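**Q** Just dropping this structure here.
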Amino acid sequence: MSTAMTETGNKISAAKRAFEFGALVFLLLGFAHALGIVVDMFRPFLFTPVDPQVKQTMMDATILITDRTSLWKAWLGFNLIHGYGVFFFGLITFLLAHDNFGYVIKHRALFPLVLFMALSYLIMAVVFWFYVPVLGCALGFGGFIVSFVLIRQRLRVGEI
């Protein structure tokens, strides 16, 4: 095998690993978030307000769209579905890369969509959350960026 082909194979392998890394970070962040909410439903300690009166007010308050749920239940539900969403974003991107990275490369709309989603999570983390999700989202986004750059380099020289 020629040196150029070996180098191309190494770059694609590195791009795949970087993509998988980015995906795994989001998978783990989503799993941890969803698990934290499930635990909080039985023994509140992560997503519960520090002031117990705030939680009680949320439990007593309904929302305009319906009086069938409290603001507290909506809070738990929104956080749970958010954790599931981040988890499935990570899981789907990981499975795509792990099982068929060629598909990720071939379908050129996937990279921009994945980058957009990862960047969106990073921006939300910076604006709304705290250092752990910021660091995690930055690492995940970074993995996708490294993968994208490696693939773009190969596309430019026509090796893929």
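The values are calculated or read from the model by the stated rules, or taken from the named source; none is laboratory data. Only a predicted model underlies this, so the values are computations on that prediction, with no experimental measurement involved. Virtual Cβ from ideal backbone geometry, glycine too; neighbours counted across all protein chains shown. Note: areas computed on protein heavy atoms with side chains; ligands, DNA, RNA excluded. Shrake-Rupley method; radii C 1.70, N 1.55, O 1.52, S 1.80 Å.
**Q** Whenever you get a sec, compute what percent of the accessible area on the range 23-160 sits on carbon and sulfur atoms (1.4 Å probe).
**A** Whole-percent figure for carbon plus sulfur exposure: 72.
**Q** Same structure again: Work out from phi, with θ = phi - 60° and the Karplus expression 6.51 cos²θ - 1.76 cosθ + 1.60, the ³J(HN,Hα) of each residue of the range 134-147, listed in order in whole Hz, and give x for Gly and Pro.
**A** Karplus-based 3J(HN,Hα) across the range 134-147 equals 4, 4, x, 5, 5, 5, x, 4, x, x, 5, 5, 4, 4 Hz.
**Q** Here's a follow-up. HN-Hα J couplings of the range 71-77 from phi, Karplus 6.51/-1.76/1.60, θ = phi - 60°, integer Hz, Gly and Pro as x?
**A** Result, ordered by residue: 4, 5, 5, 4, 4, 5, x Hz.
**Q** In whole percent, what relative contact order does the range 43-94 give with Cα contacts below 8 Å and a gap of six or more residues?
**A** 19 percent
**Q** Now for a separate question. Express the accessible area of the chain per residue in Å², computed with a 1.4 Å probe while the remaining protein chains stay in the model.
**A** 63 Å²
**Q** May I ask you to derive the FRET efficiency for L64 and S13 from their Cβ-Cβ distance with R0 = 41 Å, giving the value to the nearest 0.05?
**A** It comes out at approximately 0.20.
**Q** Hey, another quick one. Show me, for the range 55-66, the HN-Hα J-couplings you get by feeding each phi into the Karplus relation (A = 6.51, B = -1.76, C = 1.60, θ = phi - 60°), rounded to Hz, glycine and proline as x.
**A** Result, rounded to whole Hz: 4, 4, 4, 5, 5, 7, 8, 9, 10, 4, 5, 7.
**Q** Using a/c under 1.5 as the rounded threshold, could you call the range 90-160 rounded, prolate or oblate? The axes a ≥ b ≥ c are square roots of the C-alpha gyration tensor eigenvalues, and prolate needs a/b larger than b/c, oblate otherwise.
**A** Prolate, since a/c reaches 1.5 and a/b exceeds b/c.
**Q** Based on the mean of other beta carbon atoms within 10 Å per residue, what is the order of 122-129, 82-89, 18-25, most packed first?
**A** Result, highest mean Cβ count within 10 Å first: 18-25, 82-89, 122-129.
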